[in-house]
Amino acid sequence: MKRNRFRSFEDFAEALRTEPVPTPSAERVLARIAEARSSFPSRRPAAARYGLRTVAFAALAALGFAATALAAAHTWQLYNERGELVYEVRPLSADWVERDRQVETIRQKYFSEIGRLEDSLAPGESAAFLAVEAYELGGYVFDVRRAAEYAQPEQLMKDIGLTLPLPTALPDGVELRRAAAEFAVPGAADAAARAEEYRLLYEEAKAKGEPYAVRRYPPSGEFDLLRFEYGAEGGVDRVLQVNILPSRGGEASSWEEEHPSELVTIAGTEALYNEARNSLMFVANVGGRNLQYLLIGMAPQERWISKRELVAAAGSMLAP
């Protein structure tokens, strides 16, 4: 959560610093997503048509968040090649937007402390930074992680026990340069246990009269975000980035309000292309689990990955 906390691409990270986006605690977000999903069918109605649905999208995968705290006007739904609903984006109410902006202001207040905490972590470690005033607004806790870097993607896949499809259809001269993994807090899937742990951490801070408290965690072995960075000839770096994280089934955002996305179908799987970010997002089943993929074409210098090239890269991963 220091200056390189948002690793999807540098320009968007700068935008997030100037227009804050909060990060509510996992148990609150998961509960909201589960509630929102209950109103949607698990399978596409037979009469549904692609052109009649509206869809919204935010780069949550790139950020590693479960939700962004902005309000979208529409809902997007993504279906896989079997017609099953695999991902959706729902709007947030105005009161949630305002409260989450307040929390982001608090996060900025502790920007230096959170940055020093991240610097102190060993690769693969994570921590919870609980600011008392943010927690009192609604259980907000800031996750802090230090990525483990890999020179070879094969070692990363070995460590997580999963063979991942990576793009093979790449523009000439574009090649994989580096890979990294951020690991989830141990026991993160047990929202109730994590909420209780945060409650005790809050009480500890209050008892000591401290404005915040920190809990550090060793690497869990369960990845929360994987990042693969591709460069091009001539020393051009970060031409393409592929981010992968476990799909949570949905997110809440308002990026779509000012930066509309476009629905595209690739090998029977629906994906969202966002021109403002030059990104493509889809969900794929890998080893029996749904993973959210975010492909981002970057423009570090003169090189720009086009929409057509992003679609081709995704197609090479989704092809049977």
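Of the residues E98, E113, which single one is in a helix (DSSP H, G or I) and at pLDDT 90 or above? Working first, answer last.
On the way: E98 fails: at pLDDT 90 or above.
Of E98, E113, the one residue that is in a helix (DSSP H, G or I) and at pLDDT 90 or above is E113.
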- Query: Among all residue pairs at least 6 apart or on different chains, which show Cβ distances below 7 Å where the first residue, located in segment 166-183, is closer than 30 Å to L121 by Cα and open to solvent by 10 Å² or more (accessible area, probe 1.4 Å) and the second is of a type in the set (A, V, I, L, M) and in a strand (DSSP E or B)?
  - Reply: L166/V242
- Message: Whether any residue in segment 224-232 is at pLDDT below 90, more than 25 Å from V283 (Cβ to Cβ) and open to solvent by less than 60 Å² (accessible area, probe 1.4 Å) is what I want to check.
- Response: yes
- For the subset of segment 257-302 comprising residues that are at pLDDT below 85 and polar (S, T, N, Q), which member is surrounded by the fewest Cβ atoms within 10 Å (Cβ to Cβ)? Q301
- Query: How many residues, within segment 237-251, are among the basic types (K, R) and either at positive phi or free of Cβ contacts under 8 Å to residues at least 24 places away in the same chain (or both)?
  - Reply: 1
- Message: Looking at segment 186-212 only, could you name the residues that are in a loop (DSSP other than H, G, I, E, B), within 23 Å of the chain's Cα centre (by Cα) and free of Cβ contacts under 8 Å to residues at least 60 places away in the same chain?
- Response: P186, G187, A189, D190
- Query: What number of residues in segment 144-154 are exposed (fewer than 12 other Cβ atoms within 10 Å of the Cβ) and either modelled with pLDDT under 90 or in contact with a Phe, Trp or Tyr (Cβ under 9 Å, 6 or more places away or on another chain) (or both)?
  - Reply: 2
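The values are calculated or read from the model by the stated rules, or taken from the named source; none is laboratory data. Worth saying up front: this structure is predicted, and the values here are computed from it rather than measured. Every residue, glycine as well, gets a Cβ built from its backbone with ideal geometry; the counts of neighbours run over all protein chains shown. Surface areas here come from the heavy atoms of the whole protein model, side chains and all, with no ligands, DNA or RNA. Shrake-Rupley method; radii C 1.70, N 1.55, O 1.52, S 1.80 Å.
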